[in-house]
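Below is one structure, written out as structure tokens; comments come after it.
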Amino acid sequence: MGSGLIRALVDTGALRSNLAVVRRLAPRSHVMAVVKANAYGHGLVPTALALVDADSFAVARLEEGIALRHAGVRAPIVLLEGVFSPEQLDEAARQDFEIVVHAAEQITLFNAWGGSHRFTIWIKVDTGMNRLGFRPEEFSGALAVLAGHRHVGTLRVLTHLANADGQGDPATGQQLQLFERLTGGLGLERSIANSAGIVAWPDSHVEWVRPGLMLFGVSPIAGRTAIDYRLKPAMTLLSTVIAVKPVLPGERVGYGGRWTARRATTIAIAAVGYGDGYPRHIANGTPVLIEGARATVAGRVSMDMIAIDVTDLPPVRIGAEVLLWGKGLPVEEVAPYADTISYELLCGVSQRVALELR
Ligand SMILES: *Cc1c(COP(=O)(O)O)cnc(C)c1O
């Protein structure tokens, strides 16, 4: 174990409660819990074990799915990017993974495959994001090849929304309409919604929803926080004060002297830095909580440390707890100070940070 100076508490009860929120919002849909990128930094296996009630799990890459199987997860597992070689197809068959097919090359691979497994295949159609998926005009061709294919057991269809987090964005309505036109009469199970679709676009729920971010207790909609949706933050990132010192008016703090004391200041140094995933470029004035009281980051983040202006707080001692985000300070409030979104902060938490499940 590490020194205990920094840890990420993961509240498994919050994960389960957030899954229940998904079920309430999309009561007629199956839930495919998206746990890619180490479950958005929360720990792939422990998160999946906490979310046993999900109907299936989705990961981006083969290795992530294998890790789940090795941990004893028997639920369906969907490979969102599909497979890219015969060896990967062999492995996907051995592990009984469901696979997304989004490109003609993957159909070619499938046609040439010598195995005997019949897969559950998700055909991905690109309805406007222009990332993965068959273009609308290619979709019926792909469908015709895969329907009744010797390696296909069950066929399903999915698409992904590009603008679901912008409430009322007309692009989402257009994507939904196009998807309905292409797939409405097929009698196949379908999936459209990520977290933003689940909370903001009920028409996108269909047979399967694919929540990621909201399972971790974070609002998928800009300008809203978890509380608005009764979500509970699952991760609380905690560090520790390792030094406290006075700084005189006019003196500067940290690399490049990006922060200047305007008054007689007390600075606390906390053991968290960009080596832990706390962004180097986060702004002066970013909020943190020290023993529950709000204070602000002063100067540039170092690899292992940050400086915090604690002048207005009751005296801070070495060993005090510093909360970077989580319970009491939503990650969605911190992310803009780093010019980013909650997703990137969560999945950027580095291996050096001990995950502690509660
Ligand atoms: C990551 C991902 C999701 C989950 O998205 P959230 O915004 O985190 O809910 C759903 N579907 C696909 C295809 C994804 O890649």
Notebook entry, point to check: Taking the stated definitions as given, is GLY114 at pLDDT below 95 and either open to solvent by 30 Å² or more (accessible area, probe 1.4 Å) or of a type in the set (Phe, Trp, Tyr) (or both)?
Noted result: yes
Notebook entry, point to check: Do we find a residue being free of Cβ contacts under 8 Å to residues at least 24 places away in the same chain, within 15 Å of the ligand (Cβ to nearest atom) and within 25 Å of LEU357 (Cβ to Cβ) anywhere in region 68-77?
Noted result: yes
Note to self: Could you go through region 194-214 and let me know if any residue there is part of a helix (DSSP H, G or I), within 14 Å of the ligand (Cβ to nearest atom), on the phi < 0 side of the Ramachandran plot and open to solvent by 10 Å² or more (accessible area, probe 1.4 Å).
What the structure shows: yes
Notebook entry, point to check: Looking at GLY254, GLY275, GLY299, which one is open to solvent by 20 Å² or more (accessible area, probe 1.4 Å) and either more than 26 Å from the chain's Cα centre (by Cα) or hydroxyl-bearing (Ser, Thr, Tyr) (or both)?
Noted result: GLY254
Check: Which is open to solvent by less than 10 Å² (accessible area, probe 1.4 Å) and within 14 Å of the ligand (Cβ to nearest atom), of ILE121, ILE99?
Finding: ILE99
Note to self: All but one of (1) surrounded by fewer than 15 Cβ atoms within 10 Å (Cβ to Cβ); (2) farther than 23 Å from GLY43 by Cα hold for VAL241; state the number of the condition that does not hold.
What the structure shows: (1)
Next item on the list: Mind listing whichever residues of region 314-358 are open to solvent by less than 30 Å² (accessible area, probe 1.4 Å) and free of Cβ contacts under 8 Å to residues at least 40 places away in the same chain?
Entry: ALA335
Margin query: Quick check on region 227-241. Is at least one of its residues touching a strand residue (DSSP E or B) at 6+ places or on another chain (Cβ under 6 Å), in contact (Cβ under 8 Å) with a residue 12 or more places away in the chain, within 11 Å of the ligand (Cβ to nearest atom) and of a type in the set (Gly, Ala, Ser)?
Written below: no
Checklist line | Per-region count, region 150-168, residues within 11 Å of ILE121 (Cβ to Cβ) and at pLDDT below 95 | finding: 0
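The values are calculated or read from the model by the stated rules, or taken from the named source; none is laboratory data. In this text, all values refer to a predicted model and were calculated from it rather than measured experimentally. In this analysis, Cβ positions are derived from the backbone assuming ideal geometry, glycine residues included, and neighbour counts consider all displayed protein chains. Accessible surface areas use protein heavy atoms only, side chains included; no ligands, DNA or RNA. Shrake-Rupley method; radii C 1.70, N 1.55, O 1.52, S 1.80 Å.
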